[in-house]
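A quick write-up on the structure given underneath.
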Amino acid sequence: MTNGLVMTVADELLAEIEALAVGVKGWNMTHAFQEPEEGFLPEDWEWHVGQIDEDDNRYPLLNVNAHQYDSSDSEKLARYYAACNRDTILSMAVELRRLRAENAELQRIERNRDMWKAQCEQQAISLTEANAVYIAAIKLVSNIRFASGDNGLRMQPELIDFIAELAKDAGRYRHIVHRLWPDGTQTGVSMPRDYSTATKLECDEGIDVAMTSK
């Protein structure tokens with residue numbers, strides 16, 4: 001069967017040819033040659049298909065006699081039949097099956113190509129989005145660092161403690177400002193001693209007590 005310019009061998013035909021080749025085991029018709037014929041010129045000697053052994057002994061099996069049909073193609077036909085010997089046919093059958101399996105795999109890959117392409121594109125989009133999130137997170141941390149006055153000097157655990165302390169200080173500041181408002185005379189904060197000589201820790205503790213006793 002032909003498909004365009006490609007010859008397709010049906011499975012049944014391939015199996016039949018292979019079985020015929022297996023069935024003629026031992027008949028090694030691999031050579032085309034002529035045998036001398038008395039009374040004839042060499043160009044008129046008949047062509048044969050058979051076997052030539054290592055001692056140049058010749059064993060003709062098929063005689064090719066195209067000249068009886070007024071044709072000079074005896075040599076061509078003999079060489080063709082010799083080329084289409086048992087071993088060649090069996091080797092070609094094995095190769096054809098291998099190529100068919102390879103072609104089936106390529107077709108499977110072709111069918112899945114679009115699906116794989118879509119998956120790769122989706123993964124590329126996901127990676128791009130993840131990279132954007134990562135960059136945004138880095139920028140956020142950087143902005144927090146500079147806004148808090150860290151300027152990149154602290155590692156993450158220390159930075160977290162630093163920002164937590166800043167939040168506490170901000171709360172204390174807002175508490176004092178709120179209690180001073182509107183006349184600026186009352187804070188509600190009890191200091192252990194004169195504010196001017198109190199340590200930061202003592203001031204913080206005093207403000208914390210005032211905040212919790214509201």
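Filter region 122-175 down to the residues that are of a type in the set (V, I, T) and either outside the structural domain of D208 (by TED's automatic domain parsing) or farther than 30 Å from I207 by Cβ (or both) and list them by number. I125, T128, V133, I135, I138, V141, I144, listed by residue number.
Answer yes or no as to whether E105 is outside any loop (DSSP other than H, G, I, E, B) and more than 26 Å from V24 (Cβ to Cβ). Answer is yes for this residue. The residues of region 103-153 that are in contact (Cβ under 8 Å) with a residue 12 or more places away in the chain and hydrophobic (A, V, I, L, M, F, W, C) amount to a single one, I144. Restricting attention to region 1-24 and to residues that are out of contact with any helix residue (DSSP H, G or I) (no Cβ under 7 Å at 6 or more places or on another chain) and part of a loop (DSSP other than H, G, I, E, B), the residue that is modelled with the lowest pLDDT turns out to be L5. Here H67 meets the list (1) touching a helix residue (DSSP H, G or I) at 6+ places or on another chain (Cβ under 7 Å); (2) loosely packed, with under 13 Cβ neighbours inside 10 Å almost entirely, failing just condition (2). Checked against the criterion of being aliphatic (A, V, I, L, M) and loosely packed, with under 10 Cβ neighbours inside 10 Å, the candidates L90, L41, L62 yield just one match: L41.
The values are calculated or read from the model by the stated rules, or taken from the named source; none is laboratory data. All figures in this text were calculated on a predicted structure; none of them were measured in a lab. Virtual Cβ from ideal backbone geometry, glycine too; neighbours counted across all protein chains shown.
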